[in-house]
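Everything below concerns the one structure shown next.
Just so it is clear, none of the values below were taken in a lab; they were calculated from the coordinates. All of these numbers come straight from a predicted model, not from anything done at the bench. Neighbour counts are summed over all protein chains in view; Cβ atoms, including those assigned to glycine, are modelled from backbone coordinates with ideal geometry.
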Amino acid sequence: MQMSKQTAHTQDEGRFEARMAHFGGDLCDALAALYGDRADFADWQSRLTALIQQAYEARPDHLKAMDEARADAPTPWYQDAKMLGYMCYPDRFAGDFGGVKGKIPYLQDLGVTYLHLLSVLKARRGDSDGGFAIADYLSTNENLGSIDDLEALITDLREAGISLCLDFVFNHTAREHEWAQRAIAGEKAFQDFYFMYPDRKVPDQVEPLLDEVFPETAPGNFTYVEDAEKWVWTTFYPYQWDLNYHNPAVLLAMLDNLFQLANRGVEIFRLDAAIYVWKELGTHCRNLPETHVLIQLFRAAAAIVAPGVALKAEAMAGARHITKYFGYGDKAGKECQLAYHNAAMAALWDSLATGNAKPAYDMLSALPGKPEGTSWVYYARCHDDIGWAALRDSTGASWGAADDHLNWLWRFYAGEVEGSFARGRRFQPVPGEAFAGSNGTLASLAGLEEALEVGDDTALDLAVRRILLLHAVPMALDGIPLIYMGDELTLLNDYGHADNPAHQDGRWLHRPVMPDGLEGFTPDHQSAFARVRAGLRSLIKARKHLPFLGSMNGAHYVEAGNDHVLAFVRPAKDEAMLCLANFSAKEQSVDAGFIEEVLGASARDISPLNGICGRRLSELGPYQCRWILGERTE
Ligand code: GLC
């Protein structure tokens, strides 16, 4: 029986009102916390409500249906064990949106359910920090296709079971964005969108407290804009102007952008550079409480307009901060549904370099668990450098790497340490501190490049094992495993990147162009590639067949009694999986009694990577990751 238009309309309105009733309190609380002191607060409140209502009305029916289906599901969709992420630059991956469409079978074959496309929205011309300097949020880079082509691609992806994730670069716009251009032209209303100062008075007061994100290529946090005769706050590159969220007009304009993209079908928004988004003079302007309130506001607004959409925090902060981006205290679970676990990522690379799992264990076991309804995003590599600061910022914690060690780490991954297997490069050393990040592809950092150059079979074998270890651990953890373009193919560093004037930034070392004909890829190192390919596929398949690995269940780190071995348990209802990851190049073992204590007497090996196992459950080959299934004992 067909529902009458009138009934459908009434149902639709009812849904909106129900969501308003449910999330309106969070929305108003957040708005009041940020702007409640303003004389015109009531006006902004009604503007926000109007914007939300309008966005809801404009949301296409098929997306509303998706929202409803997701709301009715027993667990959040992104917590499913079948979730697998893949991130890539569409032009380097497949040319343009049409090319990406053509690669859907490749992605499906890999098992991908969430695709993060980088550098899609219209960036400034020339150097754009890899697409993170956006000139228009509502159109796309012309070489890829139009925004309508993007929408068509999103629909094709969704039909193939793949959700699209885009960067929501909400900390800054490009200097070429219309708002910035109008600010330069002297329009006060748009100057108020940014932090603009007539002289160095405020910048000089603030600068000593701030981070330098790109100390080598973009030192300082303020840029003099001659056309405007003003200093502008630019945390990143001089052409990336920080937005001023003290101005509610900025909030509304950015929310409008988010809703319009959500209504085009974007399902996951990666909140770029989230830690810097709220600024307060006199502070270091990182991870401020107001930043969290702002994200709560985005979340509540999205929950009303488009509850099927998820927000993902890109919070490149010290480990003790990152869990907070899910919301904390009485707001736990009310910020982002997803967050990159950059601390786990850096810790895994630390353990790989040192062969010691202890520092990773100490940190990961000390971090607070994630709130209900959330999921980590685990990854080995992404388009950025490995930022070691996640291991450093340990104030008040029992763990934390000293600066000497962090300096050793980047030197290790730049191949500058005796015995290093890595071929990476350092990124942006901090003047006077000899502190840097690390660039390089997974394969090059894990030793494949060096092994191939030296022509040593043992080194090659160890490199393959390291690569698989860094795939196997995220695959067993309580979040979405994310594969970075080219890592599934063991692509090596791209040393030619600097030939392109727009690719001078060292991170282009690990942003290689994908080879033609991905399916039939045959590199010179065919046998190593074949092992990684087969291993990765087994891992993905195994994860998808173990529903309890979904992130509705947390991970519980345990001491294995062997410092080389990282151990964690993924408890399900009656059963549990123990993951043992050996970070050393030598065979290791744990006490058989330890396994029995955790999993009972009937534990059995279910490792997807059986080819590289030791014989007994308690034995681990070099860099082996063993998955063991047993009963839940606690
Ligand atoms: C994020 C991006 C990084 C970019 C920065 C500024 O950290 O991942 O690539 O440089 O934000 O937008």
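Would you be able to say whether some residue in segment 280-289 is of a type in the set (Ser, Thr, Tyr) and surrounded by 24 or more Cβ atoms within 10 Å (Cβ to Cβ)? No, segment 280-289 has no match at all. Within segment 556-578, the set of residues being assigned to a loop (DSSP other than H, G, I, E, B) and either surrounded by fewer than 19 Cβ atoms within 10 Å (Cβ to Cβ) or among the small types (Gly, Ala, Ser) (or both) comprises 559, 560, 561, 563, 572, 573, 574. The number of residues in segment 29-59 that are outside any helix (DSSP H, G or I) and either under 14 Å from residue 253 (Cα atoms) or over 30 Å from the mean Cα position of the chain (by Cα) (or both) comes to 5. Summed over segment 149-175, residues that are in contact with a strand residue (DSSP E or B) (Cβ under 9 Å, 6 or more places away or on another chain) and within 27 Å of residue 105 (Cβ to Cβ) total 12. Evaluate segment 18-38: report whether one residue or more is crowded, with 16+ Cβ neighbours inside 10 Å, in contact with a strand residue (DSSP E or B) (Cβ under 6 Å, 6 or more places away or on another chain) and of a type in the set (A, V, I, L, M, F, W, C). No, that holds for no residue. For segment 188-210, the criterion of being among the small types (Gly, Ala, Ser), touching a residue at least 24 places away in the same chain (Cβ under 8 Å) and surrounded by 16 or more Cβ atoms within 10 Å (Cβ to Cβ) is satisfied by no residue at all. Candidates 574, 563, 524: the one that is of a type in the set (D, E, K, R), out of contact with any strand residue (DSSP E or B) (no Cβ under 8 Å at 6 or more places or on another chain) and more than 30 Å from residue 109 (Cα to Cα) is 563.
Every residue, every condition in (1) touching a residue at least 60 places away in the same chain (Cβ under 8 Å); (2) among the aliphatic types (A, V, I, L, M), yes or no:
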site: 365; (1), (2): yes, no
site: 374; (1), (2): yes, no
site: 409; (1), (2): yes, yes
site: 414; (1), (2): no, yes
site: 430; (1), (2): yes, yes
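The single residue among 186, 161 that is closer than 30 Å to residue 83 by Cβ, away from the ligand (no atom under 16 Å from the Cβ) and assigned to a loop (DSSP other than H, G, I, E, B) turns out to be 161. Taken over segment 169-183, the criterion of being part of a loop (DSSP other than H, G, I, E, B), of a type outside the set (A, V, I, L, M) and touching a Leu at 6+ places or on another chain (Cβ under 8 Å) is satisfied by 170, 171. Of all residue pairs spaced 6 or more apart or on separate chains, those with beta-carbon atoms under 9 Å, a first member in segment 154-174 that is on the phi > 0 side of the Ramachandran plot and a second member that is away from the ligand (no atom under 16 Å from the Cβ) are 161/82; 161/108; 161/112; 161/113. If you go through segment 137-146 one residue at a time, do you hit one that is under 30 Å from residue 246 (Cβ atoms), surrounded by fewer than 21 Cβ atoms within 10 Å (Cβ to Cβ) and more than 16 Å from the ligand (Cβ to nearest atom)? Checking segment 137-146: at least one residue is under 30 Å from residue 246 (Cβ atoms), surrounded by fewer than 21 Cβ atoms within 10 Å (Cβ to Cβ) and more than 16 Å from the ligand (Cβ to nearest atom). Pairing each residue of segment 252-272 that is of a type in the set (Phe, Trp, Tyr) with any residue that is within 16 Å of the ligand (Cβ to nearest atom), provided the two are 6+ apart or on different chains, yields C-beta distances under 6 Å for 269/168; 269/311.
Quick one: in segment 267-278, of everything that is in a loop (DSSP other than H, G, I, E, B) and crowded, with 23+ Cβ neighbours inside 10 Å, which residue is farthest from the ligand (Cβ to nearest atom)? Restricting to residues being in a loop (DSSP other than H, G, I, E, B) and crowded, with 23+ Cβ neighbours inside 10 Å, the top hit is 267.
In segment 325-335, of all residues being crowded, with 24+ Cβ neighbours inside 10 Å and more than 14 Å from residue 30 (Cβ to Cβ), the one that is farthest from the ligand (Cβ to nearest atom) corresponds to 326.
Counting the residues of segment 112-135 that are away from the ligand (no atom under 16 Å from the Cβ) and either hydrophobic (A, V, I, L, M, F, W, C) or surrounded by fewer than 21 Cβ atoms within 10 Å (Cβ to Cβ) (or both) gives 3. Considering only residues that are of a type in the set (Val, Ile, Thr) and away from the ligand (no atom under 15 Å from the Cβ), which ones fall in segment 198-253? Within segment 198-253, 202, 206, 225, 232, 250 qualify. Pairs meeting the criteria (first residue in segment 54-79 and more than 25 Å from residue 116 (Cβ to Cβ), second residue surrounded by 14 or more Cβ atoms within 10 Å (Cβ to Cβ) and among the aliphatic types (A, V, I, L, M), beta carbons under 7 Å, at least 6 apart or on different chains) are 56/304; 56/305. Just one of (1) buried (at least 24 other Cβ atoms within 10 Å of the Cβ); (2) more than 15 Å from the ligand (Cβ to nearest atom); (3) not hydroxyl-bearing (Ser, Thr, Tyr) fails for residue 293. It is (1). At least 2 residues being surrounded by fewer than 24 Cβ atoms within 10 Å (Cβ to Cβ) is the threshold, and among the helices (runs of 4 or more DSSP H) wholly inside segment 396-515 those reaching it are 403-413, 448-454, 457-476. Screening residue 166 on (1) part of a loop (DSSP other than H, G, I, E, B); (2) under 19 Å from the mean Cα position of the chain (by Cα) shows it passes everything except condition (1).
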